[in-house]
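Visitor: Sharing a structure, written as structure tokens. Questions coming.
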Amino acid sequence: MEKAAKAGKKGKGKGKGKGKGGKKGKGKGKGKGGKGGKGGKNKDPTSDRTTESLYAELVSNNIIQKIPDVRLTDYVGHFKNIDSIMSRAGVQVEPSMAQIRQALVETCIIPLGSQAVHESAPVVNTVLLYGARGTGKTMLAHAIAAETGATFINLSPMITNGKYTGKSVSLMLHMAFKVAKLMAPSVIYIDEADRVFLTDKKKLKDYPPLFEPAYRIKKDMLKEMKALKPEHRVLVVGNASKPYDCASSADFKAFKNFWNRIFYLPLPDYSSLQYLWKHLIEQKGGAVSKQLDIQTLSHIAYMSGYSAGAIEEVVKKLLTQRRVQKVKYRLTRS
């Protein structure tokens, strides 16, 4: 104890001497303090909390959500044989819906669902789905989580709006990624992902207003992504309907470099539309008879540029509960 006290006094004396000496002493003191500060920032702010309490808090804030009952097979579409021939000839064509479905199985579902495959497959922890509204981007994000039994964490701007305001956004991102790693496999979903990287105030006016800008999560999200290791079965799925808004050099570079894989979701082609009409009508409880001209419906939808989501809305409005009951009654009588 006496030796420690003497050492302390000597340290004080040295400190005073350096302080009087001028800037060198101050510089060293600040440098040491800075290192200590950095070490403090890297500490886990939720180390005293259980996984259950973090999970419950995220659920109460609607950040961890229940996955709807959807499957990848609900993304209905066929291969386009003509396009495959054209692509072999060197002509650039849009991917078919069946190709998108297959690519997501190979890139997202199998590696995320299997630890063995995840360890040997190339690391893919960020995937962007972009396309027009109603092309099935959100449904595919839900399907990836449903097929793998993953925890679904929604960090979309509209979901996190008004929650964890100010500096507490760092805590929200830390909690989300910590729970994602502990409850793996996990899907972290970001709708309107282009909005998160967009800094142009003029373009931001075209989006619905938020309590705080959507890009507030960008800095901490990049930090948490760097902390992800190859063994972590965590997949960030982003959706974007207007990626061209991030056209400025700074925004585009950050937006493009964030994603490991980027998939374009096309509008359904004529053959896919025929199957889609039949699938949706039967799914909603209706029956397809010979009197229903599916070919004409598909031709009109194709020429008008209807998305799968728009067709689903039409079927929902037409096949009301009363109409479905009438169809079932007629079928039982006949």
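The values are calculated or read from the model by the stated rules, or taken from the named source; none is laboratory data. Note that the structure is a prediction, hence the values are computed from the model and not measured. Cβ sites come from the backbone with ideal geometry, for glycine too, and all protein chains shown count toward neighbours. Calculation scope for accessible area: heavy atoms of the full protein, side chains included, ligands and nucleic acids excluded. Shrake-Rupley method; radii C 1.70, N 1.55, O 1.52, S 1.80 Å.
Visitor: Can you send over the carbon and sulfur percentage of the accessible area for the stretch 48-200, probe radius 1.4 Å, protein chains only? Before the final figure, lay out each step's value.
Guide: Details: 3710 of 6850 Å².
Carbon with sulfur: 54 percent of the solvent-accessible area.
Visitor: Under 1.5 on a/c is rounded, so check that first for the stretch 126-220, then, if it is not, pick prolate when a/b is larger than b/c and oblate when it is not; a ≥ b ≥ c are the square roots of the alpha carbon gyration tensor eigenvalues.
Guide: Judged from the Cα gyration tensor, the stretch 126-220 comes out oblate (a/c at least 1.5, b/c at or above a/b).
Visitor: Mind ranking 140-150, 57-67 by how tightly packed they are, going by the mean number of other C-beta atoms within 10 angstrom, highest first?
Guide: Final packing ranking: 140-150, 57-67.
Visitor: Over the Cα atoms of the stretch 196-312, what Rg and Dmax result, in angstrom?
Guide: 20.4, 59
Visitor: Also, quick follow-up: Taking the alpha-carbon distance from LYS181 and a cut-off under 19 Å, which aspartates and glutamates remain once sequence neighbours fewer than 8 residues away in the same chain are dropped?
Guide: Within reach: ASP44, ASP48, GLU52, GLU57, GLU119, GLU147, ASP220, GLU224, GLU231.
Visitor: Find the accessible area per residue for the stretch 251-308; the probe is 1.4 Å, ligands and nucleic acids are left out, and the unit is Å².
Guide: Working: 3370 Å² over 58 residues.
Accessible area per residue, the stretch 251-308: 58 Å².
Visitor: So how compact is the stretch 59-168: Cα radius of gyration and Dmax in angstrom?
Guide: Spelled out, the Cα radius of gyration and Dmax of the stretch 59-168 are 17.1, 54 Å.
Visitor: Which whole-Hz couplings ³J(HN,Hα) result when phi for each residue of the stretch 102-118 is put into the Karplus expression 6.51 cos²θ - 1.76 cosθ + 1.60, θ = phi - 60°, listed in order with x for Gly and Pro?
Guide: 3J(HN,Hα) across the stretch 102-118, in whole Hz: 5, 5, 5, 4, 6, 8, 10, 5, 5, x, 6, x, 10, 5, 5, 5, 4.
Visitor: What percentage of the solvent-accessible surface of the stretch 259-328, computed with a 1.4 Å probe over protein heavy atoms, is contributed by carbon and sulfur atoms?
Guide: 53 percent
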